[in-house]
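S.K.: Take this structure first; my questions come after.
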Amino acid sequence: MEDPAAAVRAVALTIPSGSVMTYGEIAFATGLHPRQVGRIVGLISESIPWWRILRADGTPATCHGGTAPALLAKEHVPFRGTGWTCGRCASTTPLPRTPRSPRSPRSPRSIHPELHPPPRSRP
């Protein structure tokens, strides 16, 4: 397996200015757990655009003195209240919970299936 920090760094560096990803999306891309991704981001945040990585509910990180919202605003990332607003469908996060999964917020994959790969099937 590739070094987890290198895998997270590689994915995070692909996030273009004006775009965001969640810890869960990075976890999906790297095969890690979202909390593990969060820990790694905290350790390597000086070398990646950490402010472009959001929580599952669409809120930005509060580290670095709470500067993430200002950095995202400079990149014209749409926010409404405290959460990210999807520019394609005008969804505002926190996203509604789905009936199938009452304990977790709706995944961005369900909003834009053409942009996100389907979940991996479990054996």
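The values are calculated or read from the model by the stated rules, or taken from the named source; none is laboratory data. These figures come from a predicted structure and were not determined experimentally. Note that we place each Cβ from the backbone using ideal geometry, even for glycine, and neighbour counts take in every protein chain shown. Note: accessible area is taken over every heavy atom of the protein model, side chains too, but ligands, DNA and RNA are not part of it. Shrake-Rupley method; radii C 1.70, N 1.55, O 1.52, S 1.80 Å.
S.K.: Enumerate the amide H contacts of Leu54 below 5 Å, restricted to partners 5 or more residues apart or on another chain; note that Pro and chain-start residues carry no placed amide H.
M.R.: Here Met21, Thr22, Tyr23 satisfy the definition.
S.K.: Using a 1.4 angstrom probe on the protein heavy atoms only, could you order Ser47, Ser17 from most to least accessible area?
M.R.: Ranked from most to least accessible, the order is Ser17, Ser47.
S.K.: Which net charge results when you count Lys and Arg as +1 and Asp and Glu as -1 among the other residues whose beta-carbon is under 15 Å from that of Ala10? Write out the running numbers ahead of the final one.
M.R.: Details: positive: Arg9, Arg52; negative: Glu2, Asp3, Glu25.
Combined, the nearby Lys, Arg, Asp and Glu give -1.
S.K.: Right, something else. Would you please give the residues with an amide H less than 5 Å from that of Phe79, counting only those at least 5 places away or on a separate chain, with H modeled from the backbone geometry?
M.R.: Under 5 Å from the amide H of Phe79 lie the amide H atoms of Thr85, each far enough along the sequence or on another chain.
S.K.: If I take all pairs of Cα atoms in the range 27-73, what percentage of them are more than 15 Å from each other? Each step should come with its number before you reach the end.
M.R.: Working: 467 of 1081 pairs.
When all Cα pairs of the range 27-73 are counted, 43 percent exceed 15 Å.
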